[in-house]
Amino acid sequence: MFKRHCYLLLLVPIWLNCSFSSVNRPVVKMKASIDRLREDVSFLTKLAPPRKYSNLKSLDRAATFIEEEFAGAGLNTQKQNWKVAGNEYSNVIASYNADKKERLIIGAHYDVCGDQAGADDNASGVAGLLEIARMIAKAKPQLNYRIDFVAYSLEEPPYFDTENMGSFIHAKSLKEANVPVIGMLCFEMIGYFSDKPGSQEFPTPQLKQLYPNTGNFIIVVGLQRQAGFNEKVYSLMRKDAAIDVQTISFPSAVGLGGLSDHRNYWHFGFPAVMINDTSFLRNPNYHKASDTIKTLDFAKMAAVVDATFNAAIHLK
């Protein structure tokens, strides 16, 4: 999730003329369910009190719901637990192709910032995570790598940018186990769109000249030193996509580039991107009580999930 205090970073996008050999495997056709996305967001946003770090029962209810949805898709699930200030928190993990050595991570955080429903931030990301897990479990693509779907706790303040973030706990565990990670895809706010000209804001005049001024696109956010991975994800997502896909790469995790769970995979040297609707640069409801389900565009959200599905099953 983007934070307003990071406007000072000068953003420099890069585009690469990279080519990637396609894997000779059957074409898999799947479409995300708009109804399932809406149902998942509805459940999460109706939890009371909101699913923030201090409301342990709501976080547990969210984690149980996510675990049950993963299991319902036929995936093996587990929880990764840790303690902070005497309280226990959980990442929920489901695996596809669990016998394969190399691993792709697809993740999203399920906690919220403050006393608000968090429809876009980040029930939208969790709904996308659950739906892409269902799609892959149903399609059963023939892959030579494993996919782990991970729902994180403690992405939001007061634990953002600390080693207590669920994604830090998870990424660290992969590093310590010497798991060969081919990459990580982070769903962070994928549900707010506008077809109104001028609805997209920018932190610098340079970016305003380079990107659309209508907030109806999704953006792939990466790290410049991982340019090959970023470009491959971007190219696969935009192929036959029903939504405009843009990309930007940053010199470091400092500032706008590193404002979600992907930052912790960067920290441990793993390739990672954030798939994002640009957060507060577009959505006026960011970290407010007005971030409700009625503000989301589920058709465009489904198109984002479809595009990510295409990337996830063709990365290697």
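Local charge sum around T292 (other residues, Cβ-Cβ under 14 Å, Lys/Arg +1, Asp/Glu -1)? If you can, show how the numbers build up before the last one.
Numbers: positive: R38, K46, K288, K294; negative: D115, D120, D121, D291, D297.
Local charge sum for T292: -1.
If I model the range 165-214 as equal point scatterers sitting on the Cα atoms and use the Debye formula, what is log10 I(q)/I(0) at q = 0.27, 0.32 Å⁻¹?
After summing over all Cα pairs, the log10 values are -1.06, -1.21.
Take the residue pairs K29/K300; K46/K79; K175/K239; K57/K300; K31/K208; K101/K316 and return only those whose Cα atoms are more than 21 Å apart.
Long pairs (Cα-Cα over 21 Å): K46/K79; K175/K239; K57/K300; K31/K208.
Based on the alpha-carbon gyration tensor of the range 198-285 and its eigenvalue square roots a ≥ b ≥ c, which shape applies: rounded if a/c is under 1.5, prolate if not and a/b is larger than b/c, or oblate?
Verdict is oblate for the range 198-285.
Please identify every one of the GluC sites (Glu not before Pro) in the range 40-76 that sits in a loop by DSSP and has no more than 10 other beta carbons within 10 Å of its own beta carbon. Before the final figure, lay out each step's value.
On the way: sites: E67, E68, E69; in loops: none.
When the GluC sites (Glu not before Pro) of the range 40-76 are filtered for loop state and at most 10 Cβ neighbours within 10 Å, nothing remains.
Pop out the Kirkwood hydrodynamic radius of the chain from its pairwise C-alpha distances, inverse of mean 1/r, in Å to one decimal. Can you show the working numbers first?
Working: mean 1/r = 0.0522 Å⁻¹.
For the chain, inverting the mean 1/r across all distinct Cα pairs yields 19.1 Å.
Pop a pseudo-label 7 angstrom from the Cα along the beta-carbon direction at both N87 and E102 and give the gap in nm to one decimal.
Here the answer is 4.0 nm between the modelled labels.
Residue separation times 0.36 nm, minus the C-alpha to C-alpha distance between T162 and S33: what's the value?
Full-extension gain reported as 42.9 nm.
What residues have an amide H closer than 5 Å to that of L104, excluding those fewer than 5 places away on the same chain, when H is modeled at 1.01 Å from N in the peptide plane?
When sequence neighbours closer than 5 places are left aside, the close amide H contacts are R146, I147, D148, I182.
Treating the beta-carbon of each Lys and Arg as +1 and of each Asp and Glu as -1, no other charges, what is the dipole magnitude of the range 153-278 about its Cα centre, to the nearest 20 debye?
That gives a dipole near 400 debye.
Whose amide H sits under 5 Å from the amide H of F250, counting only residues 5 or more places off or on another chain, with H placed in the peptide plane?
G222, L223, Q224
Straight-line reach from K100: which aspartates and glutamates fall under 16 Å, measuring Cα to Cα and dropping same-chain residues less than 8 apart?
D148
Expressed as a rounded percentage, what relative contact order does the chain have, with Cα pairs under 8 Å and six or more residues apart?
Relative contact order comes out at 26 percent.
Read phi for every residue in the range 228-236 and hand back ³J(HN,Hα) as whole Hz from Karplus 6.51 cos²θ - 1.76 cosθ + 1.60, θ = phi - 60°, with x for Gly and Pro.
x, 5, 4, 5, 5, 4, 4, 5, 5
Using mean Cβ contacts within 10 Å as the protection proxy, how do 193-205, 281-293 order, highest first?
281-293, 193-205
Taken together, the values in this text are just the output of simple stated rules run on the coordinates, not laboratory data. All values reported here derive from a predicted model rather than from experimental measurement. Every residue, glycine as well, gets a Cβ built from its backbone with ideal geometry; the counts of neighbours run over all protein chains shown.
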